[in-house]
1. Restricted to region 113-157, and to residues that are in a helix (DSSP H, G or I) and either touching an Asp or Glu at 6+ places or on another chain (Cβ under 8 Å) or open to solvent by 60 Å² or more (accessible area, probe 1.4 Å) (or both), which residue is nearest to SER98 (Cα to Cα)?
2. Are there any pairs, at least 6 apart or on different chains, whose C-beta atoms fall under 8 Å, with the first in region 1-21 and under 21 Å from SER51 (Cα atoms) and charged (D, E, K, R) and the second open to solvent by less than 70 Å² (accessible area, probe 1.4 Å) and in a loop (DSSP other than H, G, I, E, B), and if so, which?
3. Just to be sure, is THR28 over 15 Å from the mean Cα position of the chain (by Cα) and open to solvent by less than 40 Å² (accessible area, probe 1.4 Å)?
4. Mind counting the residues in region 1-18 that are within 10 Å of the chain's Cα centre (by Cα) and in a loop (DSSP other than H, G, I, E, B)?
5. Among the residues of region 117-124, is there at least one that is aliphatic (A, V, I, L, M), closer than 26 Å to PRO29 by Cα and under 17 Å from the mean Cα position of the chain (by Cα)?
6. If you go through region 101-112, how many residues are surrounded by 11 or more Cβ atoms within 10 Å (Cβ to Cβ) and among the small types (Gly, Ala, Ser)?
7. Given the structure, is SER65 free of Cβ contacts under 8 Å to residues at least 12 places away in the same chain and over 13 Å from the mean Cα position of the chain (by Cα)?
8. Has region 78-99 got any residue that is part of a loop (DSSP other than H, G, I, E, B), closer than 26 Å to ASP5 by Cβ and β-branched (Val, Ile, Thr)?
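The values are calculated or read from the model by the stated rules, or taken from the named source; none is laboratory data. These numbers were taken from a predicted model, which means no experiment stands behind them. Here the Cβ positions follow ideal geometry from the backbone for every residue, glycine too, while neighbour counts run over all protein chains shown. When the accessible area is computed, the model is the full protein with side chains, heavy atoms only, and any ligands, DNA or RNA have been set aside. Shrake-Rupley method; radii C 1.70, N 1.55, O 1.52, S 1.80 Å.
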Amino acid sequence: VAVFDSCVVYAKTRKDGLSGSYITAANTPAGQAYGYVFRDCIIPANRGTTSYVMGRPWQNDGSSSPASNTKVVFLNTTMSSSIKPQGWDVWSSGTVTSLITYAEYRSRKFDSSLVDVSQRVSWSQQLTDAQAVTYTNAAMFGTWDPCATLADICAYTPRPIAVANFVGVKGT
């Protein structure tokens, strides 16, 4: 279980000439109720040369045993148009989509309008209000409180950030 709360996810521009990539490649063990949870995050555009899906499963290709029961959920995420309309992808033609939970709740654009999810893969989910409220730290972590691990770890403190998508070339 990993919770990314109020994060900015900077997707890297690909340098290999391909135009598509992935935000996540989760591998959730069978029987685990939660996987990667992105809550109140932002996915800005990169330099505009790479488009993304929010995830593809890891070790769910029809030959992995046991197959991953991948779980990735984006809650109240603001995302750029660099996210492909399909939203999600498979590992290969052998992917067992019935084992995957790819879900969103109220994904929106930077102008605050909701993202058009009509082209999302048919096996992804749009969570209801009742489903979305179950993604609490208590539900995901039980009695372990991640906020008690370090003083002020869960206190919001705005920090200055430097954003760069520089290309470095090693020279002599």
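1. GLN131
2. LYS12/ASN46; LYS12/THR50; LYS12/ASN165; ARG14/THR50
3. No.
4. 1
5. Within region 117-124, the first condition is being aliphatic (A, V, I, L, M), and the residues that meet it are 117, 121.
With the extra rule that they be closer than 26 Å to PRO29 by Cα, the set shrinks to 121.
If we keep only those that are under 17 Å from the mean Cα position of the chain (by Cα) as well, we get 121.
Scanning region 117-124, I find at least one residue that is aliphatic (A, V, I, L, M), closer than 26 Å to PRO29 by Cα and under 17 Å from the mean Cα position of the chain (by Cα), so the answer is yes.
6. So the count comes out to 2.
7. Yes: the conditions hold for SER65.
8. Looking for residues that are part of a loop (DSSP other than H, G, I, E, B), closer than 26 Å to ASP5 by Cβ and β-branched (Val, Ile, Thr), one finds none in region 78-99, hence no.
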